[in-house]
Structures are given as structure tokens and as C-alpha cells.
Amino acid sequence: MNELVSWGLFLLVNGLAIKSSYSAAAFLNRSDRSFALSALTTGVIYLATITATLIVLGTIFHAMDRTTVAAVSAAISVIMIVVFRRKRRPFYSEIAHAWTVLRRESDLFLYVLFAIFVLQAIVLIVKVVLLPPHIWDVFYYHLTPAVEWFQRGQIPLTLDVPAENMNRVPLGGAVLSYWFFIFFGDDFLVNLPQTLWAFLLVPVVYLFGRLGGVGRAWAIKFAILAFFIPFVLMQAITCKDHLALTASFLAGLIMLCLYLRSQDSRMLVSAGIAFGLMLGYKKAAPAFLAVALVLFLIVLWINRKRVFAHGRRLQGLAVAAVIGLVSTFLTSGFWYYRGLLSGHAGGAILPPQQGVASDAASAAAAAGAHAQGRFSLDALVYNVKAFFGRALDIHGAYTADLIGVSGFGPQFTAFGLIALLAAVILLFRRREYRRPELLMVLTALALFVAFLFANYNANANSYRILVFLPVLMIGYAGILLWRLRFLQDRLAGAVVNVAMLVCVVWSMVAVLPPPQTNPMQFKAYLTAPKSYQSSGTYTAWFSMLRPDFYRVLAAMPVEEPVGIVSPPLFNKLFRKGQYETWSYPYYDRNWRRHLVYFKDRDVLDCNPANLMCKPTPALKDKLAAKGIHLVSTCPTNRCVELADPDFYELAPGFYYFRGVQQ
């Protein structure tokens, strides 16, 4: 019965939120009634509304329980529906019209690709529902803040956790994961926000193609091709935020392009909402926004006579810009305000100078980073040499962190690389700057050049931040092929269709088994009681390397807190030590278990030679004072051994402390 109520509340509140977002989108898109733009704007407003609602409730009112969240969100939705009641269009008729247009195209390959897209969408949703969070970045800092907020009932300025990175980065992704947790009190939907962002990439690429003059059928096919980029499919079932960064960034960019075409200042409001979401996802987001806005102003100046043919348009631009700034502040301003107050402002804006070395070459580049600043010629040389091998995905298999590969897939090799070369050449054609879609191409090229010079990117898994490049270049390939009339030619079009189909099917099959999961235990996992279905009992990191630990942990009452001992010494003992504690696998799927961290230097006396440690009296006193029985000495996936009769070993690295008075 409780589950039925939860589903009813979830569907009601989210239905109202989507309906109100659709009404607002109808108001903002009065100059363009395409279904793709309506779907994109609705999705962006929906995600922005729930993000702003949770941030305000968590930071100002300290009320993040299900009842409050549902009531406030429903009230906001009703107000929006009333305000925009005269602007909205019938939702079902718009879908019916889009379906009619699709059927009229009479393109067999379009129907096949669309059917595969629908199948892949179902597969992604099934993976989200069935699989637990399974990427180590998620264990580290993507989801742990959401758990802490749930247990505290608020979003504090800082969290007292070993992973200090949580206090230095925007956590907009964790906010969305919280939304999809709170209605059920269960983490089975926490990966869904990234899936939604993956879906929103489709209308972005479609609108990009249509802006460049591509026919409807081909624009849809290139949009689907971009959706099947392996990186997109891989991150669509995680809580990582590179995909959200890319999709929100490109959504804002396409709105700017549509403004250049239509001079409708409402597009700038939509762009501001999308960019506001983007700023809440990664430390690199402000740099993305700065590049986009500078290039937008340049293109705007080049086209000033056409754009500002009427004086009132300049006034509309100013008003829309102010509204966009307000929406940006509501969705992401808190993270930068928090950085200023907590002393982490620099970390919230720029990535660290030093790269994360994974081989000898990147180690040298990373060392150069520390000595030379954020950009250097050494990094350029390393990144240019590595580009083609990485972009073609020839150095290894797809893994969760894409070590040594890009995840761009064969579609980037077949279409994106040629478009990238053509984009560089076309920069020297003056008339190209009159095309509104060129803003997206210019921005992609500028960010790509900055990427090549950045020392921080001279490492083996840096291409996750670069996924905007294949998405845009695949869409741009469609525009160029259409201009050259390749797509209109029957033979050339057939070749392109076959190439698309091969790329889509290959990508779908290549990422079907989720990285870092354990397919051999899938049946046992699904048939186990829900209390045993967690990251620790299924993810390959643990089910293969530390199965005893998480089987024992799952059997412990969730009311029993776990003390995680993680002194600074662990930074020397382990490659990934105290500062990157994997917290999330310790939680149950209902987020009821509490974690207490013991990070002081005086908690353990260790022998680095054999990883044998003796608990100090200070640690015992702290454990006893907090009533903690369960103790872990594993910051990540390696542990130290405790030599003390008061600590009974339940599993390697997991102990029962006998010193607590009952």
C-alpha cells in the first residue's frame, strides 16, 4: 500500500511539474512551435524548477521531507499553470502532429533507427531501475551529499566528510538524484536524471540540423546517431554529471542560435535557464559559459544590423538577459555562494592545476602543469599526439572511466572527424558567419583548442569533458552533407543510411553490459531480498574483490551506524586514500544507515610495511562516546588490519567494537 501511495504521489507531483513546464515553454516558444523545441524547453524548465525548489527548501527552510517537497512543488506547478494558462497548447495534439509528420516521411531507415532508439530508451530505463549506482566517482562524491542532506533534512554549507571535494564542487546532479529518491525512500531511480539529459540531446541535435537547413527525416536520423554515442549511453545510467553538463550546455547554445535566427528575446530566457543548470554540474562550467557568451557577442555584433533592425529588440534582449541571470542564480548560485563563504571559491570555478597522471607521458604533462600553470605547450603536444588514438577508441575497451579511450564511437570516426576538419576550413569563409548555427561550431572549436592546451587534460580519462565535440560534429556532418546534396542523392544517401545503422547497432551492443557491474551475479542479485540489493553486493568493485565485507554489512541492522576510520596517513598507504573515501556503498538503499568519520591523526598507530594498525585509546573513547559498534578501515577498496582484542573481525577491514556499553 505504501508503495502504491509513493507511486501515486510521484506521478501526480511530476505530472504537474511537467504540465506547468510545458505551459511555460509554450509562452517562451511562441515564435517557434516545433515539437522538438517544445520538448527541449519543457525538459529544461522541468529540471530547473525541481532543482530550484529543492535548493530553496534545503538551504533556507531546512525542510526536505517528502510531504514538504511534494506540497511546495505541486503549489509552484499550479501557480505556473494558472499564470501561463492562456499560452499553452494542447499537449496530445502536438504529439499527434509530430507523429503524423514522422509517418509522412516514408523513410524506411528512419523507421528502423527510430525503432532501435525506442528499444534503447527502454533498455536504459530498465538498467536505471534494476542496477544500483556502480561507478566509483558516484561512491566518492556524486551521491553521498544527497544521503547526507536526506539524513539532516537540509543542505548545509559544508559537509564534514573525508572527501573534501564535495565542498568544492557544484552538486546540481546530487539535487536531481535527491528528487528521484525522496518520493520512494529508495535509490532505484537516482540514476534517472542523466537518462533524461540523454533524451534531451535528441531535440538539441535535431534543432541544430534543422537550423542548418537539413530535412526533417535526416535531422532526426543524425540526432538519433548522436544519442547512440557510447559515452552517452554509458553515462545515461549513472549519477556522473559530464552528460548533464554537455546536454545543458548544448541546450543553452541552441537557444542562443535560435535567438540569432528569430530575434525573439524569449529564447534568451530559455538559454539562461539551461546555462543555470549547467553551472550546477561541473567546475568547468563557468569556462564553458564564458567562451559561449564571448562568441555569442561576436556573432551578434557581426549580425547587428539584422538582429537589431528595430530598437525594441535591444530592449527585449536586456530584459531577457536579466531574467536569465535570475533563473541562473536560483538553479546554481548557491554552489558559488557556498564556495565564497566556505573558502572554496577558487575550487568551484577552476579545475586544479595539476593533472591526474595515468602513464609516463601524462605524468610529465601533469608535472609541467604544476610548474607552468593551467595551460602549456607541453600539454598541447601530449594532447594532440593522443587525440586520434583516443578519438578512434583503438587503445582499449570501454570502461566506466574511459581510460585511454574517448567513448565517441564509430559515428565520430565516420562523420564527426570529417566535419571537424571541414569546420576548421570553413572558419575562413566570411559568409559562414551569417549562419546562426555557426555559433555552436565556433564554440565547440574554441573549447576544443582550450582543451588541447590545458595541463589538467593531459591524463588518461580526460575525454569525458569533451563529449560536446562528437555530439556537435555529428550534427554538423549532417548539415554539410545536406548542403553538398549527398543526402538527397539516392546512392549516397543509401551509403550514409547503412553507415548510420551499423554505428547505432554497434554502439548499442558494445555498451549493453554496464561497465563495472557483475553480469554473472545478475540473477542472484535480482532474486535477493531488497536489503541485499545494493552497490556493494552487485558492483564488480566489491562483489569480486570484497564479497564478504558487503554481505556482512547488508546483514547488519541499518540502525547501526558505521564508523569509517580514515586518518591522513591513508594518503601515503593507498593510492586513493583518506581524501577519496568511497562512502556510498556503506549506505543501505533506503539511506537509513548513518556514517561517522574518524579522520584525525591520533586514531590509529600503523606500520606501513604490513598495513597493520593498532587503534589508539582516543579512537576507542570516540567510538564509545558515539555508541558505534561497526568499524571499517577501508577508505576505498583496500584496508588496513587492526590488531586489538577489542575489535572482532567480521570481514577483512570490517570490525565489531566490543568497548561500547550496552
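Contact map, segment 259-281: residues that are open to solvent by less than 10 Å² (accessible area, probe 1.4 Å) and hydroxyl-bearing (Ser, Thr, Tyr) paired with residues that are at pLDDT below 95 and assigned to a helix (DSSP H, G or I), Cβ distance under 7 Å, separation 6+ or inter-chain. Pairs shown: 259/267; 259/268; 270/28.
Which number in (1) among the basic types (Lys, Arg); (2) closer than 29 Å to residue 565 by Cβ; (3) in contact (Cβ under 8 Å) with a residue 40 or more places away in the chain marks the one condition that residue 152 misses? Going through the list (1) among the basic types (Lys, Arg); (2) closer than 29 Å to residue 565 by Cβ; (3) in contact (Cβ under 8 Å) with a residue 40 or more places away in the chain, residue 152 breaks only (3).
Taken together, the criteria exclude residue 557 from residues that are touching a Pro at 6+ places or on another chain (Cβ under 6 Å), part of a loop (DSSP other than H, G, I, E, B) and open to solvent by 60 Å² or more (accessible area, probe 1.4 Å).
For residue 379, the test of being farther than 24 Å from residue 232 by Cβ, touching a helix residue (DSSP H, G or I) at 6+ places or on another chain (Cβ under 7 Å) and either not charged (D, E, K, R) or not in a helix (DSSP H, G or I) (or both) is passed. Condition check: under 25 Å from residue 130 (Cα atoms) and either touching an Asp or Glu at 6+ places or on another chain (Cβ under 8 Å) or open to solvent by 10 Å² or more (accessible area, probe 1.4 Å) (or both). Does residue 499 satisfy that? It is false that residue 499 is under 25 Å from residue 130 (Cα atoms) and either touching an Asp or Glu at 6+ places or on another chain (Cβ under 8 Å) or open to solvent by 10 Å² or more (accessible area, probe 1.4 Å) (or both).
Only residues that are outside any helix (DSSP H, G or I) and not hydrophobic (A, V, I, L, M, F, W, C) were counted in segment 469-501, giving 3.
Residue 244 meets all of the listed conditions (1) of a type in the set (Gly, Ala, Ser); (2) under 19 Å from residue 24 (Cβ atoms); (3) at pLDDT 95 or above but one, namely (2).
The single condition among (1) touching a Phe, Trp or Tyr at 6+ places or on another chain (Cβ under 7 Å); (2) touching a residue at least 60 places away in the same chain (Cβ under 8 Å) that residue 647 does not satisfy is (2). Total residues in segment 624-649 satisfying the condition of being surrounded by 19 or more Cβ atoms within 10 Å (Cβ to Cβ) and under 24 Å from residue 574 (Cα atoms): the figure is 11.
For segment 452-461, the set of residues classified as touching a Phe, Trp or Tyr at 6+ places or on another chain (Cβ under 9 Å) and surrounded by fewer than 22 Cβ atoms within 10 Å (Cβ to Cβ) consists of 452, 453, listed by residue number. Residue 12 meets the conditions (1) open to solvent by less than 40 Å² (accessible area, probe 1.4 Å); (2) within 20 Å of residue 192 (Cβ to Cβ); (3) of a type outside the set (D, E, K, R) in every case but one. The failed one is (1).
Being outside any helix (DSSP H, G or I) and more than 22 Å from residue 254 (Cα to Cα) narrows it down to one of 64, 80, so name that one. Give the derivation first.
Numbers: 80 fails: outside any helix (DSSP H, G or I).
Matching residue, one of 64, 80: 64.
Answer yes or no: is there a residue in segment 51-60 that is open to solvent by 10 Å² or more (accessible area, probe 1.4 Å), small (Gly, Ala, Ser) and in a helix (DSSP H, G or I). Checking segment 51-60: at least one residue is open to solvent by 10 Å² or more (accessible area, probe 1.4 Å), small (Gly, Ala, Ser) and in a helix (DSSP H, G or I). Scanning segment 190-200 for residues that are assigned to a helix (DSSP H, G or I) and either of a type in the set (D, E, K, R) or open to solvent by less than 10 Å² (accessible area, probe 1.4 Å) (or both) gives 193, 194, 195, 197, 198. Can we say residue 109 is open to solvent by less than 70 Å² (accessible area, probe 1.4 Å), over 29 Å from the mean Cα position of the chain (by Cα) and not β-branched (Val, Ile, Thr)? Yes; evaluated as a whole, the condition is true for this residue. The criterion of at least 3 residues that are within 39 Å of the chain's Cα centre (by Cα) is met by the following strands (runs of 3 or more DSSP E) wholly inside segment 589-631: 595-598. Going through (1) farther than 28 Å from residue 228 by Cα; (2) open to solvent by 20 Å² or more (accessible area, probe 1.4 Å) one by one, residue 23 falls short only on (2).
Among residues that are buried (at least 16 other Cβ atoms within 10 Å of the Cβ), modelled with pLDDT of 90 or more, within 25 Å of residue 211 (Cβ to Cβ) and not hydroxyl-bearing (Ser, Thr, Tyr), residue 387 is not included. Remark: pairs (first residue in segment 325-340, in contact (Cβ under 8 Å) with a residue 60 or more places away in the chain and part of a helix (DSSP H, G or I); second residue among the hydrophobic types (A, V, I, L, M, F, W, C) and open to solvent by 50 Å² or more (accessible area, probe 1.4 Å); Cβ separation under 6 Å; 6+ apart in sequence or on different chains) = 338/157.
Looking at residue 117, is it part of a helix (DSSP H, G or I), open to solvent by 50 Å² or more (accessible area, probe 1.4 Å) and in contact (Cβ under 8 Å) with a residue 12 or more places away in the chain? So residue 117 does not fit the description; no. Any residue at all in segment 568-580 that is assigned to a loop (DSSP other than H, G, I, E, B) and surrounded by 20 or more Cβ atoms within 10 Å (Cβ to Cβ)? No, segment 568-580 has no match at all.
Just so you know, in segment 405-447 the residues that are outside any helix (DSSP H, G or I) and aromatic (Phe, Trp, Tyr) include one that is least open to solvent (accessible area, probe 1.4 Å), and it is 408. Whether a residue is at pLDDT below 95 and at positive phi was assessed, and residue 263 passes this test. I need the full set of residues from segment 390-404 which are at positive phi and either open to solvent by 50 Å² or more (accessible area, probe 1.4 Å) or of a type in the set (Gly, Ala, Ser) (or both), in order please. Listed by number, the residues that qualify are 396, 404. Give all pairs with beta carbons closer than 6 Å in which a residue from segment 554-572 that is over 13 Å from residue 531 (Cα atoms) meets a residue that is among the β-branched types (Val, Ile, Thr) and not in a loop (DSSP other than H, G, I, E, B); count only pairs at least 6 apart in sequence or on separate chains. Qualifying pairs under 6 Å: 561/596; 563/596; 563/631; 565/603; 567/603. Report yes if residue 476 is open to solvent by less than 10 Å² (accessible area, probe 1.4 Å) and hydroxyl-bearing (Ser, Thr, Tyr), otherwise no. Taking the combined requirement at face value, the residue satisfies it.
Considering segment 133-179 alone, what residues qualify as being touching a His at 6+ places or on another chain (Cβ under 7 Å) and not in a helix (DSSP H, G or I)? Walk me through how you get there before you give the answer.
Step one: list which residues in segment 133-179 are touching a His at 6+ places or on another chain (Cβ under 7 Å), which gives 151, 153-154, 167-168, 173-174.
Residues satisfying the conditions are 153, 154, 168.
When segment 133-167 is filtered for residues that are small (Gly, Ala, Ser) and either open to solvent by 10 Å² or more (accessible area, probe 1.4 Å) or more than 21 Å from the chain's Cα centre (by Cα) (or both), only 153 remains.
The values are calculated or read from the model by the stated rules, or taken from the named source; none is laboratory data. Because the structure is predicted, anything quoted here is derived from the model rather than measured. FYI the Cβ positions are ideal-geometry reconstructions off the backbone, even for glycines, and counts take in every protein chain you see. Please note that ligands, DNA and RNA were not included when accessible areas were found on the heavy atoms of the full protein model with its side chains. Shrake-Rupley method; radii C 1.70, N 1.55, O 1.52, S 1.80 Å.
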